[in-house]
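The values are calculated or read from the model by the stated rules, or taken from the named source; none is laboratory data. None of the values given here were measured: they were computed from a predicted structure. With ideal geometry, Cβ positions are generated from the backbone for all residues, glycine too; neighbour counts draw on all protein chains shown. Remember, those area values only see protein heavy atoms, side chains included, never the ligands or the DNA or RNA. Shrake-Rupley method; radii C 1.70, N 1.55, O 1.52, S 1.80 Å.
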Amino acid sequence: MTKVIKISSLLFLAFLSLSCSATNNIKQKEKIRALTTRQFDANSKEVFNVMLDILKDENVQIYSANENTGVLSAKSVDKVPFGLQMLSTIAVGSTTERYVYTYSFSVKDLGNNKTEAKLLIYQVSHDNDFTGDNVVQTSSEGLLKSKKLYKHYFELIQNKL
């Protein structure tokens, strides 16, 4: 009987742990959505074209821009996006780290002259470590979660509409 109670307790704790993990995951997704998504009182083509102009003004390389689908992809090499207080190239000893910033922007027409815009900016770091005759290259990617950064872009869109 004691074994059954112990096993039941372990199963309950495992279930509770998974439930908490799922709840935290949902909360994290909600926070990211709140950070990266805004609604505007304008049609989707206007919002799309304003963001396209903003990225061009910042000398970000546009890789694809389709006004009909409302999807835009762009990249900036070693140019730190507005509001990030970091160096774009760091050289320490025998290590050099470079950053590539990728932008993904999309608009969704909500009707009644309302548009939902979503902006995701990723930082991809490329690290070269020179050890003797060998170069060890590593790479990592992560979504930037700077409130100041997303606020800046969404305010620029709002001000240009």
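Checking each residue in the range 29-63 for being exposed (fewer than 13 other Cβ atoms within 10 Å of the Cβ) and either basic (Lys, Arg) or over 25 Å from Gly111 (Cα atoms) (or both) picks out Lys29, Lys31, Arg33, Asp57, Asn59, Tyr63. Among the numbered conditions (1) modelled with pLDDT of 90 or more; (2) open to solvent by 30 Å² or more (accessible area, probe 1.4 Å); (3) at positive phi, the only one that Asn159 does not meet is (3).
Under the condition of being open to solvent by less than 60 Å² (accessible area, probe 1.4 Å) and within 16 Å of His152 (Cα to Cα), which residue from the range 80-100 is modelled with the lowest pLDDT? Once the filter is applied, the top-ranked residue is Gly83.
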